[in-house]
Amino acid sequence: MDSTRIGVIGSNMMDLISRIERMPVMGETIPARSFDMGYGGKGCNQAVAAAKLGADVVMVTKVGDDLFGPGVIDNLRSNGIDTRYVTTAAGHHSGVAPIFVDDAGENAILIIKDANDCLSAEDIDAAAPDLRTCDVLLLQLELSVETVYHCIDAARAWGVPLILNPAPFMPIDRQYLVGVDYLIPNEHELALLVDRPLYGRSELETAAVELREHTGKTVIVTVGVQGSLLVEEDRCQWVPPLLVPTVDTTGAGDAFIGSFAVFLCQFQDVLHSMTLANAYAAFSTMRVGTQKSFLTNEEWQKRYSQYE
Ligand code: RIB
């Protein structure tokens, strides 16, 4: 696996996680069951999932010059991730994400991007010598839209396959979606991308096919306990989920994407990689937290062999 090189351009956040019985309504104060902190951010989560599975990962992200910044960098290093392109935004806070997880394991997340919004085109260009040698690049939307556009243009110019996880949703110029190789939204992001609510499997399929037609790219929709949906030119196919006892779904989408990138490089087979990524993501929901719920390669091999 040491030959799989993955570049991640994305966010880091300090996750501030409260376990709650239910969401408070506006104006209400309710006690939470517990509180925990952990390293998160969709970019770093995907990088950590890939690194835990044994990939050689280079991360491009921006921390703040505050209490959290050094910890974010140490955490990436302790996961074996190359942090040469992790820089600090003077006068800014590191990203933080208050997260609420209910008794069913479902979550609601706020993000305060701050330093992440300072990641610039120049930061991407500085990392170009390493990024252009990667097997695949991962990008999400917790950065400024200008930086996202620059990354898409750069990946095309370098000829490196790009996976875009359009999360959290922000409006993206269609012409840029054409520049990515794999588009991986969840069902909520898909609904926002096609600009209408989607009810049931057939509406999801229609919307995914529409997105495929507009972009010409491979579309994969992650749909939680329903598994994932692949739409390519000649096929529209569901990949069933692996059902497990769930305690916390936070970061499951990131576990899917980080692991999918590794499996795709390893097996060069999209459907097989989705099957494995469904399982890797499902296993992450059996433990609490985001990155700390992701399995190492050894844990993954052992657990998956019990389900095969
Ligand atoms: O996808 C989960 C992540 O979203 C959390 O780690 C949080 O930081 C937000 O970025």
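The values are calculated or read from the model by the stated rules, or taken from the named source; none is laboratory data. Not measured: the values here are computed from a predicted model. Ideal geometry is used to build each Cβ from the backbone, glycine not excepted, and the neighbour counts take in all protein chains shown. Ligands, DNA and RNA are excluded from the accessible area calculation, which covers all protein heavy atoms including side chains. Shrake-Rupley method; radii C 1.70, N 1.55, O 1.52, S 1.80 Å.
Would you say VAL178 is farther than 18 Å from LYS42 by Cα and open to solvent by less than 20 Å² (accessible area, probe 1.4 Å)? Criteria not met by VAL178.
Would you pick out the residues in the range 278-308 that are of a type in the set (S, T, N, Q) and within 14 Å of the ligand (Cβ to nearest atom)? Don't jump to the end; show me each part of the working.
Our first condition is that a residue be of a type in the set (S, T, N, Q); within the range 278-308, this holds for 278, 284-285, 290-291, 293, 296-297, 301, 305-306.
Within the range 278-308, SER284, THR285, THR290, GLN291, SER293 meet the criteria.
Every condition in (1) touching a Phe, Trp or Tyr at 6+ places or on another chain (Cβ under 8 Å); (2) more than 23 Å from SER18 (Cβ to Cβ) is met by ALA90 except one, and the failing one is (1).
Before we move on, is ARG196 over 19 Å from PHE256 (Cβ atoms), surrounded by fewer than 19 Cβ atoms within 10 Å (Cβ to Cβ) and at pLDDT 95 or above?
Values: over 19 Å from PHE256 (Cβ atoms): yes; surrounded by fewer than 19 Cβ atoms within 10 Å (Cβ to Cβ): yes; at pLDDT 95 or above: yes.
In short, yes.
Scanning the range 278-293 for residues that are within 23 Å of LEU16 (Cβ to Cβ), touching a Ser or Thr at 6+ places or on another chain (Cβ under 6 Å) and part of a helix (DSSP H, G or I) turns up SER284, SER293. The strands (runs of 3 or more DSSP E) found entirely in the range 1-108 that carry 2 or more residues being touching a residue at least 24 places away in the same chain (Cβ under 8 Å), within 30 Å of ALA155 (Cα to Cα) and more than 16 Å from the ligand (Cβ to nearest atom) are 5-9, 56-64, 82-89.
Scanning the range 59-70 for residues that are over 24 Å from ARG132 (Cα atoms) and open to solvent by less than 20 Å² (accessible area, probe 1.4 Å) returns GLY64, GLY69.
For every residue, the table says whether it meets (1) crowded, with 19+ Cβ neighbours inside 10 Å; (2) in contact (Cβ under 8 Å) with a residue 40 or more places away in the chain; (3) not β-branched (Val, Ile, Thr).
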residue	(1), (2), (3)
ASP135	no, yes, yes
SER144	no, no, yes
ARG156	no, no, yes
PHE169	no, no, yes
ILE172	no, no, no
LEU204	yes, no, yes
ILE220	yes, yes, no
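When the residues of the range 105-133 are narrowed to those that are open to solvent by less than 10 Å² (accessible area, probe 1.4 Å) and over 16 Å from GLY41 (Cα atoms), which ends up farthest from the chain's Cα centre (by Cα)? Among residues in the range 105-133 that are open to solvent by less than 10 Å² (accessible area, probe 1.4 Å) and over 16 Å from GLY41 (Cα atoms), the one farthest from the chain's Cα centre (by Cα) is ALA127. Scanning the range 288-308 for residues that are at pLDDT below 95 and not hydroxyl-bearing (Ser, Thr, Tyr), we see that the one that is nearest to ILE220 (Cα to Cα) is GLU308.
May I ask you to list the residues in the range 109-132 that are aliphatic (A, V, I, L, M), closer than 23 Å to CYS151 by Cα, within 16 Å of the ligand (Cβ to nearest atom) and out of contact with any His (no Cβ under 7 Å at 6 or more places or on another chain)?
Residues of the range 109-132 that are aliphatic (A, V, I, L, M), as a first pass: 109-112, 115, 119, 121, 124, 126-128, 131.
Checking the rest, the ones that are also closer than 23 Å to CYS151 by Cα come to 111-112, 115, 119, 121, 124, 126-128, 131.
In the following step, the residues that additionally are within 16 Å of the ligand (Cβ to nearest atom) were identified as 111-112, 115, 119.
Correct list: ILE111, ILE112, LEU119.
Being under 20 Å from LEU141 (Cα atoms) and out of contact with any Gly (no Cβ under 6 Å at 6 or more places or on another chain) is true for just one of PHE267, PHE263, PHE283, PHE256. Which residue is that? Reasoning before the result, please.
On the way: PHE267 fails: under 20 Å from LEU141 (Cα atoms); PHE263 fails: under 20 Å from LEU141 (Cα atoms); PHE283 fails: under 20 Å from LEU141 (Cα atoms).
The match here is PHE256.
Filtering the range 227-258 to residues that are more than 14 Å from the ligand (Cβ to nearest atom) and open to solvent by less than 40 Å² (accessible area, probe 1.4 Å) leaves GLY227, SER228, LEU229, LEU230, VAL231, GLU232, VAL239, LEU242, VAL244.
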